[in-house]
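In what follows, a single structure is set out as structure tokens and then discussed.
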Amino acid sequence: MFEKWITNGTAAPFCARKQFCIEREVSSAVARVCGLGQFIFHLNGAKVGDHELDPAWTDYNKLVQYVTFDVTDLLVQGENVIGAEVGNGWYNKMDEHYTFGFPAFMPPNPNPYKPFAKALVLAIELTIVYADGTEETLTADDSFKVKEHPTVMTNVYGSETIDNRLNVSGWDEAGYDDADWAQASYADAEDVPKGELQDQFQPAVKVIKTYEGKLLHSVNGRDIYDLGQNMSGLLDFEIKGKTGDVVKIYPAEKLGEDGDVDQFAKNWIMVDSCITAIVGEDDVWEHCRMKFAYFAGRYMAVERISAENAGNETRTEQGSLSEADAADVSAKKDSADQPVIRNLRADAVTSAYKTDGTFTCDDERYNQIYDMIEKTVEANMIGVHTDCPTIERFAWQEPNHLMASAIFYMKDGKQLWEKFLQDMRYGQHTADDCFNDMAGGKYYPGDGLMPAQCPCYIPNVLPVPGLGDFYDIIPWGSTSILGTYWHYLFYGDVKIIEDNFEPGMRYLTHLKSRVNEEGFINYGLGDWGNPRNDLARDNIETAFLYADAVTLSKFAEILGKTDVKAELDAYAEEVKANYNEKLLVENPELGGWCYKCWDHKDELFMTQASQALPLFWGLVPEDKEADIVKAFRYTLERDESFICGEVGLPYVIQTARKYGMNDIICKYILKKDHPSYYAFILDGETTLGEYWEQNPRSHCHDMMGHIIEWYYNGIAGIIPEKPGFAEVTIRPYLPESIHEFTCAYQSASGEIRVSVKETEDEILVDVKCAEGIAYTVDTSNLAGEKKVVVR
């Protein structure tokens, strides 16, 4: 399909339209549309559907998604108009205002972003089936008309410039005079996307809630608005003034001490994103909305500039007006010379809009933590799973297994993860793939490598001295295997294993080539995000090597690959034996065994994660398990909080749950100071920060939201015993400060609902599972002075 792609011949956003006539009764009609980088589809005067930012981001050289719309009810007998708005996205990225760049303390990247084409492109195929059984297909061709879009600049990092002087009312309606529009041209071969075409199957990006901007105050010549929620969103507002007047809106996640928006990312770079609107007609309210990019933030600083001063404003390093300009704007802002703004609001958008799980309890702190993490997940699911919407917007892969179970309990992640894992398959390297090195030569990442980002638009392939490899990182690449495992456990669909087994085997072969002489993998980032920078690379990364091998062995068994399973089992035992020979040592202080951190050669040093990962993945010899549990508990009590990064944290939490340390989990997540989830609430955050600290670099990172999994399998105690939750154990736990909770999860096998209520005399447990789910209720975690009644 899509034999032809049309364009206006530029890398700037454009509109396209065509009027056509239908003379017979229509039985059905389907439109398949793709505009790159992003598009909005129109038919007969209206946008079609409720999607935003179609299509999802992919590596356009390998995969391009189009979107299918049922338009049967939108066509009419007589004149019809089909059209589209096309913007840049990642296909040909615009760089005005903030765009990602490496800070000065990192070496330059010899492999910068490369546009996929020199011009934006559009393809449409409208298939009409008539009541008489005949069929007709209309495609986008050079009979379409094209025109420059009023959004004259759109930056994938969240800046747009809307020039209302270019507005054309009714352009997508029949009867509109398009005589001054240009004829579309066919895209040159180099501009046609090279990737395989695929119908977009995963959930599209949609609006989930609209937030009204509340005017807080004015400072530095700017009006400061609060949306009340940090988010990924599309800004929507109205302006009025004189032709050429300008309104500039600067989004930010936080306010500075002076009450102005603070766009500086801590220890990083100025994120000076800006949504600009230019008045098109005198004294008329004009509606403005972002089209092709989404902003990130909670607060908005609004500057209103008359046409005579537009373009003369200068900005300081902090992103606000210079003192002279600020004084001038402040003096004039209420005058008739300045444009005005009203109805400032934002539409929060996400691909994770379908909710599968809910949790509520009578301790509001737990509810606040849950809501904060859920909002963070939503803000980072925009066709890909980003690390943060503000700074990088990269599809880092590690949370797609580290956070998978937490997200799967909350959200329907089935098709989203199928897309994420597909992106990894398309991104996996061959032996011939190469990049530039610092000396002007070629750098070959290696056959089978899974890039840390998929899709990857700015490949930072060279290891960073003193920090590690940010491209070839085992907890990131292992999503191809472990993300597959979590998907299978939650949804029970063996196809996910069939699709990802061979790529996983290729990746394991690559990992084997990176094992050092001591039998370890240690070239990545270790326990990334550890607040004390105790990364324990050898321990952490080699544990994932074992996890990958034993997980692939499970897959081989499911697929009936007996010989492959035997080979994987043998390799896993080899890794395990070496791991325990070198890392498992006696600890005189504890009177038992523990795992020492290999990077502390001259001392017996332990971290929480270095004990938790071997326990979780089964590396611990059976006769040493009790000792390692004791050592693990010791590290938790010694540190008096979770001292681990995003890589170790899910295993620390789940290991604590498994071995009866739920009380410690409760204590640590509710601490009032960092590291703690509740500390973010006390900081006034509405989304989860990147690191355990006040004012983190990013205020919207879901990578450490693993505690949500514990809400479901720790507090509610919903534990899958078979894939798809066909069989479950219900083992609820009641934290000391909670006296009542209700948790519901819509599993692949049906709904599971658990409610627990503590009264003066007893603890009441209500469990309801859909027909066909085999379940066992275990009340051992509720044992105490009060009688437990299961109903």
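The values are calculated or read from the model by the stated rules, or taken from the named source; none is laboratory data. Worth saying up front: this structure is predicted, and the values here are computed from it rather than measured. All Cβ positions, even for glycine, are placed from backbone atoms using ideal geometry, and neighbour counts span all protein chains on display. Heads up: the accessible areas ignore ligands, DNA and RNA and are worked out on the full protein's heavy atoms, side chains in. Shrake-Rupley method; radii C 1.70, N 1.55, O 1.52, S 1.80 Å.
Of note:
- Applying 1/(1 + (r/R0)^6) with R0 = 22 Å to the Cβ-Cβ distance of Glu190 and Tyr426 gives a FRET efficiency near 0.60.
- Cβ-based net charge around Gly529, under 10 Å, with every Lys or Arg adding one and every Asp or Glu removing one: -3
- Scanning residues 5 or more positions from Leu197 or on other chains, those with amide H under 5 Å from its amide H are Val64, with H placed 1.01 Å from N in the peptide plane.
- Considering only alpha-carbon pairs that sit under 8 angstrom and 6 or more positions apart, the relative contact order computed for the chain is 11 percent.
- Using the Karplus relation 6.51 cos²θ - 1.76 cosθ + 1.60 with θ = phi - 60°, the per-residue 3J(HN,Hα) values for segment 34-45 come to 8, x, 10, x, 10, 9, 10, 9, 10, 8, 6, x Hz, with x marking Gly and Pro.
- Three-way shape label, segment 159-243, alpha-carbon gyration tensor, a/c 1.5: oblate
- Proximal charge balance of Asp132 [Cβ under 12 Å; K/R count +1, D/E count -1]: -3
- Packing-based ranking of 343-353, 215-225, 573-583 yields 343-353, 215-225, 573-583, ordered from highest to lowest mean Cβ neighbour count within 10 Å.
- Accessible area in the full protein assembly, largest first, 1.4 Å probe, for Glu736, Glu135: Glu736, Glu135
- Simple spin-label estimate for Lys512 and Ala310 in nanometres, 7 Å along Cα-Cβ: 6.4 nm
- Whole-Å distance, taken between Cα centres, linking segment 232-284 and segment 19-80: 32 Å
- When you restrict to C-alpha pairs under 8 Å that are six or more residues apart and normalise by the size of segment 90-193, the relative contact order lands at 32 percent.
- Secondary structure note: in the chain, about 90% of the DSSP beta bridges are antiparallel.
- Inter-site label distance for Phe102 and Arg532 at 7 Å from Cα along Cβ, in nm: 3.1 nm
- Within segment 1-93, the GluC sites (Glu not before Pro) that combine a DSSP coil assignment with at most 16 other C-beta atoms in a 10 angstrom radius are Glu3, Glu23, Glu25.
- Amide H within-cut-off set for Ser27, under 5 Å, with H built and near neighbours excluded: Val129, Tyr130, Ala131
- Segment 496-547 and segment 393-421 have Cα centres separated by 19 Å.
- Rounded tilt (10° steps) of 537-558 against the dominant C-alpha axis of the chain: 90 degrees
- Accessible area in the full protein assembly, largest first, 1.4 Å probe, for Glu637, Glu771, Glu378: Glu771, Glu637, Glu378
- Charged neighbours of Tyr546, selected by a Cβ distance under 14 Å, balance to -3 (K, R count +1; D, E count -1).
- Nearest-10 value in Å² for the accessible area of Lys214, using the 1.4 Å probe: 130 Å²
- Order of exposure, largest accessible area first, which applies to Met704, Met94 with probe 1.4 Å: Met94, Met704
- Global form of segment 238-286, assessed from the alpha-carbon gyration tensor, a/c cut-off 1.5: prolate
- Gap separating the Cα centres of segment 1-18 and segment 715-791, nearest whole Å: 55 Å
- Rough spin-label spacing in nm, given labels placed 7 Å along Cα→Cβ, for Asp371 and Met1: 4.2 nm
- Ala182-Ser27 FRET efficiency (beta carbon distance; Förster radius 45 Å; 0.05 resolution): 0.80
- Between helix 495-514 and the chain: long-axis angle, C-alpha atoms, 0 to 90°, nearest 10: 70 degrees
- Only one residue of Gly519, Trp593, Val756 has its Cα farthest out toward the positive end of the dipole of the chain, where Lys and Arg carry +1 and Asp and Glu -1 on Cβ, and that residue is Trp593.
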